[in-house]
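In what follows, a single structure is set out as structure tokens and then discussed.
The values are calculated or read from the model by the stated rules, or taken from the named source; none is laboratory data. Not measured: the values here are computed from a predicted model. Quick reminder, even Gly has a Cβ in these numbers, built from the backbone with ideal geometry, and neighbours come from all protein chains shown.
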Amino acid sequence: MALTHAQFQDWLDRYVAAWKSYDPQQIGDLFSEGVEYRYGPADDPVVGRDAIVADWLSGKDDVGNYDAKYEPVAIEGEEAVARGWSRYFEPDGSTLRDEYYNVYLCRFDSEGRCTSFTEFWMQNRDFARKAREKIAAEAVAAAQSTSPVG
């Protein structure tokens with residue numbers, strides 16, 4: 001199958017819609033039966049459509065606190081590359097709490113279902129720094145609370 005720009009953009013839009021809805025049918029419709037889905041390039045894949053649906057449903061984001069936009073970058077036959085962003089918001093739905101920049105490597109079958117998906121992501125530097133600072137502060141507080149007073 002020679003994937004077109006429009007077909008890949010449609011798939012990416014349906015991917016975002018499925019992530020937002022957590023509808024098992026919408027999620028499953030994106031992928032082939034034997035798909036391999038990697039959350040990172042070095043990760044072991046989640047294998048199979050049903051396993052991906054179950055995996056997505058086991059780690060739901062709060063409804064309305066997530067947004068994303070992805071666009072095709074390159075297409076060669078049935079292989080495609082996209083780039084975009086994912087944003088996570090506080091419960092108020094408007095205060096940004098985290099942001100990621102993503103690249104997706106995808107392969108598709110003749111029916112337009114993804115057979116291989118690999119995500120490369122990078123957290124926004126400001127949010128990554130804040131997360132490291134929070135972890136360090138919590139570690140210091142924990143160490144101080146267990147230290148003998150002397």
Among (1) under 16 Å from PHE108 (Cα atoms); (2) touching a residue at least 40 places away in the same chain (Cβ under 8 Å), the one test that ALA68 misses: (1)
Answer from ALA68, ALA54, ALA141, ALA136 - the residue that is small (Gly, Ala, Ser) and under 22 Å from HIS5 (Cβ atoms): ALA68
Can you tell me which residue in the stretch 16-65 is modelled with the lowest pLDDT, limited to those that are closer than 22 Å to GLU99 by Cα and in contact with a strand residue (DSSP E or B) (Cβ under 6 Å, 6 or more places away or on another chain)? ASN65
The stretch 37-76, residues that are touching a Lys or Arg at 6+ places or on another chain (Cβ under 9 Å) and assigned to a loop (DSSP other than H, G, I, E, B): ASP44, PRO45, ASP61, VAL63, GLY64, ASN65
Do we find that ALA42 is touching a Gly at 6+ places or on another chain (Cβ under 7 Å), hydrophobic (A, V, I, L, M, F, W, C), loosely packed, with under 12 Cβ neighbours inside 10 Å and within 17 Å of SER116 (Cα to Cα) in this structure? no
Name the pairs: first residue in the stretch 4-23 and touching a residue at least 24 places away in the same chain (Cβ under 8 Å), second residue surrounded by fewer than 15 Cβ atoms within 10 Å (Cβ to Cβ) and not charged (D, E, K, R), Cβ to Cβ under 7 Å, at least 6 apart or on different chains? TYR22/LEU57
